[in-house]
Each structure stands twice: as C-alpha cells, then as structure tokens.
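The values are calculated or read from the model by the stated rules, or taken from the named source; none is laboratory data. In this text the structure is predicted, and so the values were computed from the model without any measurement. FYI the Cβ positions are ideal-geometry reconstructions off the backbone, even for glycines, and counts take in every protein chain you see.
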Amino acid sequence: MKLLTTIAAVLISVSGFSQDYIKYENGTFTQNGEELSMEQIGVLTLLNKAGRGNFRRGNRFIRFHKNQNYRIANNTGSFVVGSATGLSGGFLVLVSGYYVWWFEKVNLEAFGYAAPGAGLSVVSYKAFSRIALSPEGCLRKRDKEFSKVADKLNEAIKASKQ
C-alpha cells in the first residue's frame, strides 16, 4: 500500500510540473520557453476571462513609461482627485465622530456621514495608487500588474484542465 501511495504521489508531482504555465519576467511573457507577444496575452486574458483589468493597467503603465507628458497629466489628475476626495472623506469621518462623541451613541446620522466618508477615502487611496513619479516606478508597477496577469492566467488554465 505504501508503494502505491508513493507511486501516485510521484505521478501527481510529475504531472503538476509538466503543465505549460505562463511566466512573466522583466517585461516578457513566456510559455514552455517560448516568448509570447502582448497580443497573444491579450487574447488569452479574453478567452480565459482572467486578468483583463491587470493587463489593461499594465499596458497603461507602459504608456506612462514611454510618454512623460502623459505621466505628468495622469499624476496631476490623480493628485487633485486624491486630495479632494481624501480631504472631504476625512472631514465626513470627523463629523461622524463628532456626532458619536456629542450624543454618546452611534446613530443613523453619524452613519450617514461615516459611510460616504469611508467611500471617499477609498477613492482617494485608489487615485494616489495610480501616481508613478519616475519611469522606473512605471516599470515596477507594470511588472506588478503583469505578474498578477500571469498568476491569474495560470489559475484559469489549471482550472480548465481539471
């Protein structure tokens, strides 16, 4: 019985390593040692319905890396939106805290200020996360997004084979 269990474990591990996974390293996607183009990855994300948003964001950071004016315009817009929503969201959260402190209980009016304030704070966080100050920062963010694409594609491929 031990021999059968050992043989089964070896066969499972060998079959797990022989699957053709997509890897991402330094700006290139590879599958079984063969380089894949961005068009092929785009088609794979559409067919497998996995990683489409990350692929789009990764391509956006490539455009930021290549065009300084585009990056500056994006950073300015993200800073303005992030600052405005962060300040207004923080103000609403403080107002809700004031209501809780003043009435010494959590009431519906305090929640009415806290919920939009928290939502605006999330918008502020997302806006500030889009800022890339240098071309190298754009490449780091691109690599992060494309690594997520490769992971999601591998999960989708693995799920489709089962």
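Details
- Matching residues, the stretch 77-95, being over 24 Å from the mean Cα position of the chain (by Cα) and closer than 19 Å to residue 130 by Cβ: 87, 88
- Residue within the stretch 62-76 that is over 18 Å from the mean Cα position of the chain (by Cα), of a type in the set (A, V, I, L, M) and over 30 Å from residue 153 (Cα atoms) present: yes
- Hits in the stretch 95-150 (condition: surrounded by 14 or more Cβ atoms within 10 Å (Cβ to Cβ), free of Cβ contacts under 8 Å to residues at least 60 places away in the same chain and in a loop (DSSP other than H, G, I, E, B)): 130, 131
- Selection status of residue 154, assigned to a helix (DSSP H, G or I) and crowded, with 18+ Cβ neighbours inside 10 Å: yes
- Candidate set from the stretch 1-47 (those that are at pLDDT below 90, of a type outside the set (Gly, Ala, Ser) and under 25 Å from the mean Cα position of the chain (by Cα)); member that is farthest from residue 159 (Cα to Cα): 26
- Selection status of residue 77, closer than 30 Å to residue 143 by Cα and out of contact with any His (no Cβ under 6 Å at 6 or more places or on another chain): yes
- Candidates 132, 127, 115, filtered to the one that is closer than 19 Å to residue 26 by Cα and among the aliphatic types (A, V, I, L, M): 132
- Residues that are touching a Leu at 6+ places or on another chain (Cβ under 8 Å), crowded, with 18+ Cβ neighbours inside 10 Å and in a helix (DSSP H, G or I), drawn from the stretch 42-85: 44, 45, 61, 65, 85
- Of all residues making up the stretch 45-103, the number that are under 15 Å from residue 123 (Cα atoms) and among the β-branched types (Val, Ile, Thr): 4
- Given (1) farther than 13 Å from residue 130 by Cα; (2) of a type outside the set (D, E, K, R); (3) at pLDDT 90 or above; (4) over 18 Å from the mean Cα position of the chain (by Cα), number of the condition residue 98 does not satisfy: (3)
- For the stretch 137-145, the criterion of being within 19 Å of the chain's Cα centre (by Cα) and at pLDDT below 90 is met by at least one residue.
- The set of residues in the stretch 18-37 that are free of Cβ contacts under 8 Å to residues at least 40 places away in the same chain and either in contact with a Leu (Cβ under 7 Å, 6 or more places away or on another chain) or assigned to a strand (DSSP E or B) (or both) comprises 25, 28, 30, 31, 34, 35, 36.
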